[in-house]
Amino acid sequence: MVSLPRLFSREPRITSTLHRHLAPDLRWETARMPFGVEKAALVAQFSATPKLSKSVTELVRELNRNGYFVVLSSACPDPTPLEWHGEAPSDVAVLRKPNIGYDFGSWAVALAEEPKLLGVDKLLIVNDSMLGPFWSLESVIRGFESSMGEAWGLTRTHQFEPHVQSFFMGFHRPVVASPVFHDFWSQVRVEADKGAVIRRYEIGLARALHVEGFVTTAHIDGAVAAGFGENPSLLGWRKLLELDVPLIKRELIVHPQFFVHGDRIPGILEREFQIDITEWL
């Protein structure tokens, strides 16, 4: 029997209670993702107003430059069309959804709403909790594409138990097409707080893939950027920039009072990395 090309094959689908609950309020602000995409990135975004930051706009553009079609799952509560910082990126589809379910909810709903995402060879799953990229993401993305594991993360943390942090994850086709991956996303629901999201979903996804026998690698191990057991994206931000990761956690800038010498970070960014962080908020 001659098999049909993947372009015309039936896409896998996931279903979830969360998607069914939100379905009446979902809408595509643009044309949807086209058929035949081999590399895609799913970005979870939230802002109080429809004006997108330079960080979100440049993230989408940089993903496009590296060959990724982007699906932006936006939880912005303002129903008016999103406004890009400058010219709108070309290879992007925008899904508007209610602000329910944190980032994992935004990702899960988009995966259920756009099943073509489950048919790609390489899938990046990203959120907008980072400012930047201040320069090219090419080395990061090539690290994912050349990784020996089926799953990958930009940073691995040893907090609680070893797992990759969910702000920038990548999955190759064996994972993307697997029942365990589909089952995981079908079970995402609304959680009470971010701590529960980390325990149930960030760590839960790592456990599920490990049990299934998938190998997960990381671009940077947390112990390289920060102390063992510390959060590398928060406490290792300076080392990450030195290691060619052009991103910094938004929380460090908007809530500096929670970090030792947090008020000094903008000055360090300007002096050592020539980054005016106020442009990226």
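The values are calculated or read from the model by the stated rules, or taken from the named source; none is laboratory data. Being a predicted model, the structure only gives us computed values, none of them experimental. Heads up, the Cβs are rebuilt from the backbone with ideal geometry, glycines too, and the neighbour counts pull from every protein chain shown. Protein only, heavy atoms only, side chains kept; ligands, DNA and RNA dropped before computing areas. Shrake-Rupley method; radii C 1.70, N 1.55, O 1.52, S 1.80 Å.
State all residues of region 184-203 that are part of a helix (DSSP H, G or I), touching a residue at least 40 places away in the same chain (Cβ under 8 Å) and surrounded by fewer than 20 Cβ atoms within 10 Å (Cβ to Cβ); if no residue qualifies, say none.
Listed by number, the residues that qualify are Ser186, Lys194, Ile203.
Can you spot a residue in region 213-229 that is open to solvent by 40 Å² or more (accessible area, probe 1.4 Å), in contact with a strand residue (DSSP E or B) (Cβ under 6 Å, 6 or more places away or on another chain) and in a helix (DSSP H, G or I)?
no
If Glu87 meets every condition in (1) free of Cβ contacts under 8 Å to residues at least 12 places away in the same chain; (2) of a type outside the set (Lys, Arg); (3) open to solvent by less than 10 Å² (accessible area, probe 1.4 Å) apart from one, which number is that one?
Unmet condition: (3).
Restricting attention to region 146-153, does a residue exist that is free of Cβ contacts under 8 Å to residues at least 24 places away in the same chain and open to solvent by 10 Å² or more (accessible area, probe 1.4 Å)? Steps first, please.
Narrowing region 146-153 to residues free of Cβ contacts under 8 Å to residues at least 24 places away in the same chain: 146.
The next check asks that each one be open to solvent by 10 Å² or more (accessible area, probe 1.4 Å); those that pass are 146.
Among the residues of region 146-153, at least one is free of Cβ contacts under 8 Å to residues at least 24 places away in the same chain and open to solvent by 10 Å² or more (accessible area, probe 1.4 Å), which makes the answer yes.
Under 6 Å between Cβ atoms, which residue pairs at least 6 apart in sequence (or on different chains) link something in region 36-51 that is within 13 Å of Gly67 (Cα to Cα) and at pLDDT 95 or above with a partner that is small (Gly, Ala, Ser) and open to solvent by 10 Å² or more (accessible area, probe 1.4 Å)?
Correct list of pairs: Lys39/Gly67.
Considering every residue within region 44-54, establish whether at least one is farther than 22 Å from Gly170 by Cα and assigned to a helix (DSSP H, G or I).
yes
Enumerate the pairs (first residue in region 101-121 and among the aromatic types (Phe, Trp, Tyr); second residue anywhere and crowded, with 21+ Cβ neighbours inside 10 Å and in a helix (DSSP H, G or I)) with beta-carbon separation below 7 Å, excluding pairs fewer than 6 apart on the same chain, so at least 6 apart or on different chains.
Here the result reads Tyr102/Val197; Phe104/Val197; Phe104/Tyr201, each pair linking region 101-121 to a residue that is crowded, with 21+ Cβ neighbours inside 10 Å and in a helix (DSSP H, G or I).
Please verify whether region 19-35 includes one or more residues that are closer than 24 Å to Val140 by Cα and open to solvent by 30 Å² or more (accessible area, probe 1.4 Å).
no
So, in region 75-113, how many residues would count as being of a type in the set (Phe, Trp, Tyr) and within 14 Å of Leu26 (Cβ to Cβ)?
1
Of all residues in region 127-162, how many are under 15 Å from the mean Cα position of the chain (by Cα) and of a type outside the set (Gly, Ala, Ser)? Even if it seems obvious, please write down each step before you answer.
As a first pass, look at region 127-162 and keep what is under 15 Å from the mean Cα position of the chain (by Cα): 127-133, 137, 140-141, 144, 151-156.
Of the ones still in play, those that are also of a type outside the set (Gly, Ala, Ser) are 127-128, 130-131, 133, 137, 140-141, 144, 152, 154-156.
Of the residues in region 127-162, 13 are under 15 Å from the mean Cα position of the chain (by Cα) and of a type outside the set (Gly, Ala, Ser).
Restricting attention to region 242-281, which residues are open to solvent by less than 80 Å² (accessible area, probe 1.4 Å), without any contact (Cβ under 8 Å) to a residue 60 or more places away in the chain and in a helix (DSSP H, G or I)?
Leu252, Val254, Pro256, Gly262, Ile265, Pro266, Gly267, Ile268, Leu269, Glu272
Please verify whether region 73-83 includes one or more residues that are β-branched (Val, Ile, Thr) and open to solvent by less than 30 Å² (accessible area, probe 1.4 Å).
no
Within the set of pairs 6 or more residues apart or between chains, which connect a residue that is open to solvent by 60 Å² or more (accessible area, probe 1.4 Å) inside region 161-183 to a residue that is acidic (Asp, Glu) with Cβ atoms less than 8 Å apart?
Listed pairs, sorted by first residue: Arg173/Asp121; Pro174/Glu150.
Can you name every residue in region 106-136 that is outside any helix (DSSP H, G or I), in contact with a strand residue (DSSP E or B) (Cβ under 9 Å, 6 or more places away or on another chain) and hydrophobic (A, V, I, L, M, F, W, C)? Working first, answer last.
Residues of region 106-136 outside any helix (DSSP H, G or I): 114, 120-136.
So of that shortlist, the ones also in contact with a strand residue (DSSP E or B) (Cβ under 9 Å, 6 or more places away or on another chain) come out as 114, 120-132, 134.
Selection gives Val120, Leu123, Leu124, Ile125, Val126, Met130, Leu131, Phe134.
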